[in-house]
Amino acid sequence: MSKKFVITGGAGFIGSNLAEALANENEVVVIDDLSTGMAENLAGLEVQLLKGCITDFGLLKDAFEGADCIFHQAGIASVKKSIEDPVRTDEVGIEGTLKVLIAAKDAGVRRVILASSAAVYGSSPELPKKEDMMPEPKSPYAVTKLAGEHYARVFRELYGLETVALRYFNVFGPKHRLCSGLQHRGRAEGDNPLVSTRKEFKFEGKGFAFGVRRETVSFGSKGSSRSRSQKTVVHNVEEVFGLRS
Ligand SMILES: NC(=O)c1ccc[n+]([C@@H]2O[C@H](COP(=O)([O-])OP(=O)(O)OC[C@H]3O[C@@H](n4cnc5c(N)ncnc54)[C@H](O)[C@@H]3O)[C@@H](O)[C@H]2O)c1
């Protein structure tokens, strides 16, 4: 049976991939202020795009009516921007998330799935990362993600709203803007179109991001992942995205 899903930040990289995966067989509503997302990411999809900010209660209330599940992806997805403007980061990341949870509870939504981040772990070198490690946020961005996780837990305990917070590591795939730790150099400048500024990644393999797209790749440090050299990672990314001739 068709369900209704609302995706906040649904015009962004991860949100639009989710929309694509869900749109065929379900009703999909996207809330996005288009600050970093683009309406073109949703081109050709049967989704309703509501342009606006997640701090707008009225907008959330209308959009959430009759919804089965909210995928809360909206956020200022940048550590750098959060350091430059912690107040705005807080408004969107904490106030916005709180309003999403309240509006979901009030509308009788069954489940809210939140985009958290591996940034909550801080700079501890310990690998693999585990959920029961002590969080150590090192930026306003990470603070907002951790606060969102706590709010989600509290809403589950207080009101029975089903909540799941997913700590994404670095997610790559179609519609990625190739920023935050990655630079896009283009084929003309060398053999490797994707060049990491970091020395080493953990390669997790295909099929991440809740089955959004089979070709989506995540680099994380889950128990099953193995450490790979940067060269291997770049090779794998190119292969998955068909960039390797
Ligand atoms: N991409 C990653 O590797 C990664 C890693 C960890 C966590 N995350 C989190 O996952 C989520 C999605 O990330 P992404 O990579 O798709 O980023 P993105 O910037 O492509 O998507 C974020 C979307 O949220 C929208 N948005 C921002 N502020 C808003 C507001 N106030 N109201 C409504 N919409 C707003 C933007 O326009 C954009 O479409 C974010 O919350 C991000 O913090 C991403």
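Key figures for this structure:
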| item | result |
| --- | --- |
| Residue list for the range 19-40, filter: near the ligand (Cβ under 9 Å from one of its atoms) and either surrounded by 22 or more Cβ atoms within 10 Å (Cβ to Cβ) or under 21 Å from GLU91 (Cβ atoms) (or both) | VAL30, ILE31, ASP32, ASP33, LEU34, SER35, THR36, GLY37 |
| Subset of the range 66-78 that is under 17 Å from LEU98 (Cα atoms) and more than 10 Å from the ligand (Cβ to nearest atom) - its residue that is surrounded by the most Cβ atoms within 10 Å (Cβ to Cβ) | ILE70 |
| Test: residue in the range 131-148 that is surrounded by fewer than 20 Cβ atoms within 10 Å (Cβ to Cβ), at pLDDT below 95 and either within 24 Å of CYS69 (Cα to Cα) or not assigned by TED's automatic domain parsing to the domain that holds ARG88 (or both) | yes |
| Wholly enclosed helices (runs of 4 or more DSSP H) of the range 39-147 bearing at least 1 residues of a type in the set (Asp, Glu) and more than 20 Å from the chain's Cα centre (by Cα) | 57-64, 79-84, 97-107 |
| Residues (surrounded by 13 or more Cβ atoms within 10 Å (Cβ to Cβ) and without any contact (Cβ under 8 Å) to a residue 24 or more places away in the chain) located in the range 151-162 | VAL154, ARG156 |
| Scan of the range 155-173 for residues that are assigned to a strand (DSSP E or B) and either hydrophobic (A, V, I, L, M, F, W, C) or under 14 Å from PHE71 (Cβ atoms) (or both), ordered by number | GLU162, THR163, VAL164, ALA165, LEU166, TYR168, VAL171, PHE172 |
| Restricting the range 42-64 to residues that are more than 26 Å from ASP90 (Cα to Cα) and of a type outside the set (Val, Ile, Thr), the residue that is nearest to the ligand (Cβ to nearest atom) | LEU42 |
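The values are calculated or read from the model by the stated rules, or taken from the named source; none is laboratory data. Please read all numbers here as calculations on a predicted model, not as lab measurements. Please note: Cβ atoms are built from the backbone with ideal geometry, for glycine as well, and neighbour counts cover all protein chains shown.
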